[in-house]
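To start, the structure itself, in structure tokens.
The values are calculated or read from the model by the stated rules, or taken from the named source; none is laboratory data. For clarity, every value in this text was computed on a predicted model and none was experimentally measured. Cβ placement follows ideal geometry from the backbone for every residue including glycine, while neighbour counts extend to all protein chains displayed.
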Amino acid sequence: MSALAHALSGRRSAARVRLADVVLIVLGSAVVALLAQVSFRLPFTPVPITGQTLGVLLVGASLGSTRGSTALLLYLGEGAAGLPVFAEAKSGLALLATSSVTGGYLWGFVVAAFVVGWLAERGWDRNFGSALGAMLVGLIVIFSFGCTWLTVALSVPAREALELGLYPFVLGDLLKLLIAAGLLPLAWRIARPQRGRLRL
């Protein structure tokens, strides 16, 4: 193979990988948007229960730190631009502001996807137990952002923010964590490119 042909082949291969990355990032944002619509409210908290955290954990673990966090940034951008991708088909930049009761959770999704992806890249996703550990760290990140933000949005003490933004969600999110860890092998098969091609 000539040098020119080799260079062209390398460029085509790199272009296929970049295209695969873009497709996976868009798909990741779509998964979170879809799971956001699995939503209901409890009467004693302003924060809805949604399927978003399941999506965030899966996207972070399967796409890795860079692609996972980029997918979540894209998701926030879609919602801020007016697409009805947030919980209860809501949208708008105001939902990301410090006055929003859910803004901290939404920004926390980006950081959690990065952290879970970073841990996955270092082997935490190689067995069920360590994958659970990585995703538990991700949940801690989400609730840390969410509850801290809630204290500002509602002007309430930390104790009340925990009562409104953490305690009602613990059992449900632990269940989502188990589901995400169980689905991770399937997500890996879809998400991981091999030699420039998607492993389907």
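Couple of notes before you dig in:
- The listed residue being under 11 Å from the mean Cα position of the chain (by Cα) and of a type in the set (S, T, N, Q), out of Ser69, Ser100: Ser69
- The single residue among Leu174, Leu154, Leu106 that is farther than 27 Å from Leu63 by Cα and among the hydrophobic types (A, V, I, L, M, F, W, C) turns out to be Leu154.
- Selection of the range 60-89 for residues being under 24 Å from Phe40 (Cα atoms), among the charged types (D, E, K, R) and buried (at least 17 other Cβ atoms within 10 Å of the Cβ) yields only Glu78.
- Residues located in the range 37-65, provided they are assigned to a helix (DSSP H, G or I) and of a type in the set (S, T, N, Q): Gln52, Thr53, Ser62, Ser65
- Flag for Gly51 being in contact (Cβ under 8 Å) with a residue 60 or more places away in the chain, more than 10 Å from the chain's Cα centre (by Cα) and closer than 17 Å to Leu139 by Cβ: yes
- Subset of the range 138-160 [surrounded by 15 or more Cβ atoms within 10 Å (Cβ to Cβ), among the aliphatic types (A, V, I, L, M) and without any contact (Cβ under 8 Å) to a residue 24 or more places away in the chain]: Val156
- Criterion applied to Leu139, Leu106, Leu150, Leu95 was being modelled with pLDDT of 95 or more, assigned to a helix (DSSP H, G or I), among the hydrophobic types (A, V, I, L, M, F, W, C) and in contact with an Asp or Glu (Cβ under 6 Å, 6 or more places away or on another chain), and the one residue passing it is Leu139.
- Looking across Leu93, Leu63, Leu74, one residue alone is under 29 Å from Leu164 (Cβ atoms) and either in contact (Cβ under 8 Å) with a residue 24 or more places away in the chain or in contact with a Phe, Trp or Tyr (Cβ under 9 Å, 6 or more places away or on another chain) (or both). It is Leu74.
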